Amino acid sequence: MLSRIRSLGVKGIGGYEVTVECYVTNGLPGFDMVGLPDAAVKEARERVRAAIKTNGFKFPASRVTVNLAPADTKKAGTVYDLPIFLGLLAATGSLRQPSAGCAFIGELSLNGDLRPVNGALPMAVAAARAGIEELYVPADNAEEAAFAGNIEIYPVGNVTELIAHLRGEAELTPVKHCGISADAPKYPDFADVKGQENVKRAMEIAAAGGHNILLVGPPGSGKSMMSKRLPGILPDMSREEMLECTEIYSVAGLTGKHNPVIAARPFRSPHHTVSGAAMSGGGAIPRPGEISLSHNGVLFLDELPEFNKAVLEVLRQPLEDGEVTISRASGSITFPSNFMLVCAMNPCKCGWHGHPSGRCRCSQNEVRSYHGRISGPLLDRIDIIVEAPALEYEELKSRAPAENSQSIRQRVNAARAAQQRRFSGSSITKNADMDTRTLNRCCALTPECEALMRQAFDKLGLTARSYDRILRVARTIADIEGEEGIGPMHIAEAIQYRTYDFRETDT
C-alpha cells in the first residue's frame, strides 16, 4: 500500500514543504530511503523501527520504500522521523491516512517520545503559506512554532497520544501564542560608566541611527564596558524583527523550551580567534554565522586588529548589502545580516600610544603595522570613529551620578520614531540603511553645510562612501536634536567622527 504524509524541511533559514511517501509491497524484507537523504535522515529507519515495535505495532516484514519529495533537494536532520512513522502505519493499515490539511515534524526516541528539532519556526511559517491547517510538532517546539500565526500548532509528547488524537480517542490541545514577556532584558547600565561623555554621545548617535562605530583608546578606558551597555539603549524590536531573528536562531539550534522567541536585540561578541566560516556561516549544509546571528542587533569585535585579516574582510560585503551569500557545491544560500558593527581597539600593540605618561615604547613602524591590520575599505564602512581617552583620577573618584541608560534610550526611541515616520511605506527602517535616492531626498544641504562638506572632502581625502556616511550620521544627529533639516552643527559633528588619523604615528 502507498501512503502520503505532509511534512516540512529547512533550506537556509526558510522552510519548504516535503511529502513523505511510504510504499509497502511484497518481496524480500528491506528498507530503502530515497530523495537525497543525509546520514541523519537514513538513520531514521532504525529509530522508526524501534518506535513502532515498542508501541505495540508490527513492523512490516516486507519491502519498504520511503521517498522524500521533492527528490532533487537534499534532506538533512531528524525532522522526518515522525512523518515516516505515521506513513508506515498508514501504509500497513494500522492507522487511517491523516487528512491533507495536517503536517508532522519531529525526532523520535526509541520508545516513541518526541525530541525537539531545529528550524521549527521557519517550517511553521512555510506550513502556513502552503495552506496547511494543522501542524504537529514536539512539545518543546510548540511555543516557538506558534509564533508563526495563522496555523494550529499541536504539541506532541509521544506517539501514543498522537495516535489517540488521530483516532479520535483523545484530543490534543493546540497551543496559542501568548505573546512576548513584558519583562525587559537586564542589560548593564550606562550609569556605571564614569566620564567618557564624548564616547557616550557617539554611542547614542550610533544607536539612534544604527550606525557602525569604532572606539579607540588605551587599556582600561572603558571601551568594552560601554560596548556591552549599548543594547540597553537600543529600541525594542518589532514583531517582524523578532520573527526574523527567531528563524535564524532556530535554524542554528539556539532556541528551545525556555527561550522559544528571540525578543531582545542580539549581542554577539566572538573571540578574535574566530574563523572566517564561523563569522560568515558555512558547513556542508550552510548554517548561520556570527554576522547572521547578529541580525537586527550588535556584532561586537573587541581588540579589532587581533582578528585575522581574512576574517575582517568577510565583513565588507555584508556591511554594505545587509546579507551574506554562502556558496557550496549543492547550491547557494543567502542569510540576512543587517547588523550594527561595534569595534574596540588600542592605539598600538602595547596600548599606550599617545598617552601623556610616555609609557608607549612602540616604534613608528610597529604602530603603523598595527594600524595596517585593518584595511582602508573596512574603515570606510565604519560611520563613527571616536577616541576613548584614559580617565583622570578626578573622574574616577567622582561620586556624581551619570546619566542612566533609560534616559538615553528615550532620546534614541524619539529619534527612531522620527525615522519611521520619514521612511513610512518603504523597506528602510533607520538612517544607516538609506540608499542614494533617499539620501538625496532626506539630506538636502544648505550652502553653509555644503561648504563644510567640501572642505572636509578635500582635507580628509574622503571617498564617496565616506561622504554618504557623514550625511547619514548628520541626519541622525538632527533627529536626536528634533530638527527637520540638517544644519552646519550637525555636519560639523558628523565630520568630527571621521577625523581620527590612522596614519599618524608620532609620539
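The values are calculated or read from the model by the stated rules, or taken from the named source; none is laboratory data. Being a predicted model, the structure only gives us computed values, none of them experimental. FYI the Cβ positions are ideal-geometry reconstructions off the backbone, even for glycines, and counts take in every protein chain you see. Note: areas computed on protein heavy atoms with side chains; ligands, DNA, RNA excluded. Shrake-Rupley method; radii C 1.70, N 1.55, O 1.52, S 1.80 Å.
In whole Å, how far is the Cα centre of the stretch 1-38 from that of the stretch 185-261?
For the stretch 1-38 versus the stretch 185-261, the Cα centre distance is 43 Å.
What shape does the stretch 150-259 take by its C-alpha gyration tensor, where a ≥ b ≥ c are the square roots of the eigenvalues and a/c under 1.5 counts as rounded, a/b above b/c as prolate, and the rest as oblate? Walk me through the intermediate numbers first.
Working: a/c = 3.70, a/b = 3.37, b/c = 1.10.
It is prolate, given that a/c is not under 1.5 and a/b is the larger ratio.
Rounded to the nearest 10 degrees, what's the angle between the helix 447-460 long axis and the longest principal axis of the chain, both from Cα atoms, 0 to 90?
90
Which value, in Å to one decimal place, does the Kirkwood hydrodynamic radius take for the stretch 33-111 when every pair of different Cα atoms is included? Don't jump to the answer; show the numbers that get you there.
Working: mean 1/r = 0.0772 Å⁻¹.
Radius from the Kirkwood sum: 13.0 Å.
For the stretch 320-443, what D do you get in µm² per second when you plug the Kirkwood radius from alpha-carbon pairs into Stokes-Einstein at 4 °C and 1.567 mPa s?
67
Quick one: if the Förster radius is 35 Å, what FRET efficiency do residue 194 and residue 238 give, using the C-beta to C-beta distance and rounding to 0.05?
Details: r = 34 Å, r/R0 = 0.98.
With R0 = 35 Å, the Cβ-Cβ based efficiency is 0.55.
If you consider only alpha-carbon coordinates, what radius of gyration and Dmax does the stretch 1-153 have, in Å?
For the stretch 1-153, the Cα-based Rg and Dmax read 14.5, 46 Å.
Residues of the stretch 358-389 with backbone nitrogen within less than 20 Å of a virtual label 7 Å along the Cα-to-Cβ line of residue 309, please, listed as ranges.
363-382
Just name one of 363, 310, 214: the one whose Cα is farthest towards the positive end of the charge dipole of the chain (beta-carbon charges, Lys/Arg +1, Asp/Glu -1).
Toward the positive end, the furthest listed residue is 310.
At 7 Å along Cα-to-Cβ for each site, give me the label-to-label distance between residue 365 and residue 36 in nm.
5.4
As a test, work out the antiparallel percent of DSSP beta bridges whose residues both lie in the chain, rounded to the nearest 5. Each step should come with its number before you reach the end.
Working: 29 of 58 bridges.
Of those bridges, close to 50 percent are antiparallel.
Which value, in Å² and to the nearest 10, is the accessible area of residue 279 when all protein chains are kept and the probe is 1.4 Å?
Ignoring ligands and nucleic acids, residue 279 comes out at about 0 Å².
Ignoring ligands, DNA and RNA, how do 498, 268, 441 rank by accessible area with a 1.4 Å probe, largest first? Intermediate results must be reported in sequence, preceding the final value.
Working: 498 35, 268 60, 441 150 Å².
Order by accessible area, largest first: 441, 268, 498.
What spacing in nm lies between the two simple spin-label points modelled at residue 171 and residue 61, each 7 Å away from Cα in the Cβ direction?
Once both label points are built, they end up 4.2 nm from each other.
Testing the spin-label approximation: label points 7 Å from Cα along Cα→Cβ at residue 110 and residue 321. State their distance in nm.
Here the answer is 4.7 nm between the modelled labels.
At a 1.4 Å probe radius, which order do 484, 161 fall into by accessible area, largest first? Let's see the in-between values first.
Values: 484 165, 161 65 Å².
Largest accessible area first, the list is 484, 161.
Can you work out ³J(HN,Hα) from phi for every residue in the stretch 19-29, in order, using Karplus 6.51 cos²θ - 1.76 cosθ + 1.60 and θ = phi - 60°, giving whole Hz and x for Gly and Pro?
9, 9, 9, 10, 10, 10, 9, 5, x, 4, x
Could you pull the accessible area for residue 225 with a 1.4 Å probe, rounded to 10 Å²?
Spelled out: residue 225, probe radius 1.4 Å, area about 70 Å².
For 246, 54, what's the largest-to-smallest order of accessible area, 1.4 Å probe?
Details: 246 0, 54 85 Å².
Correct descending sequence by accessible area is 54, 246.
Under 16 Å between alpha carbons, and skipping anything fewer than 8 positions from residue 200 in its own chain: which aspartates and glutamates qualify?
189, 192, 383, 387, 395, 403, 481, 493
Take the Cβ-Cβ distance between residue 357 and residue 334 as r, set R0 to 35 Å, and report the resulting FRET efficiency rounded to the nearest 0.05.
Efficiency computed from Cβ-Cβ geometry: 0.10.
Suppose the chain between residue 1 and residue 392 were pulled fully straight at 0.36 nm per residue; how much longer would it get relative to their current alpha carbon spacing? Please report the intermediate quantities before stating the final value.
Details: separation 391, 0.36 × 391 = 140.76 nm, distance 8.19 nm.
Extending this stretch completely gives an extra 132.6 nm.
Net charge within 15 Å of residue 132 by Cβ-Cβ distance, Lys/Arg positive one each and Asp/Glu negative one each, not counting residue 132 itself? Walk me through the numbers before you get to the answer.
Values: positive: 4, 6, 129; negative: 17, 133, 134, 152.
Cβ neighbours under 15 Å give a net charge of -1.
How much accessible area does residue 247 have with a 1.4 Å probe, in Å² rounded to the nearest 10?
30
Which lysines, on any chain, are close to residue 194 with Cα under 17 Å apart, when same-chain ones fewer than 8 places away are left out?
Of all the lysines, those that pass the test against residue 194 - Cα under 17 Å, at least 8 places apart if same chain - are 223, 228, 397.
Of the peptides 104-114, 82-92, 429-439, 22-32, how do they stack up when ordered by the mean number of other Cβ atoms within 10 Å, highest first?
Packing proxy ranking, top to bottom: 82-92, 104-114, 429-439, 22-32.
Kindly state, to the nearest 0.05, the FRET efficiency for residue 404 paired with residue 285, given R0 = 45 Å and r defined as their beta-carbon distance.
About 0.50, to the nearest 0.05.
What translational diffusion coefficient, to the nearest whole µm²/s, does the stretch 234-378 have by Stokes-Einstein, given a Kirkwood radius computed over alpha-carbon pairs, a temperature of 4 °C and 1.567 mPa s viscosity?
Diffusion coefficient, whole number: 77 µm²/s.
Would you calculate, for the chain, the mean residue ellipticity at 222 nm contributed by helices, counting each DSSP H stretch of 4 or more residues as -39,500 (n - 2.57) and dividing by all residues, to the nearest 500? The partial results should precede the final answer.
Numbers: 21 runs with 183 residues, N = 507.
Taking each H run of at least 4 residues, the total per residue is -10000 deg cm²/dmol.
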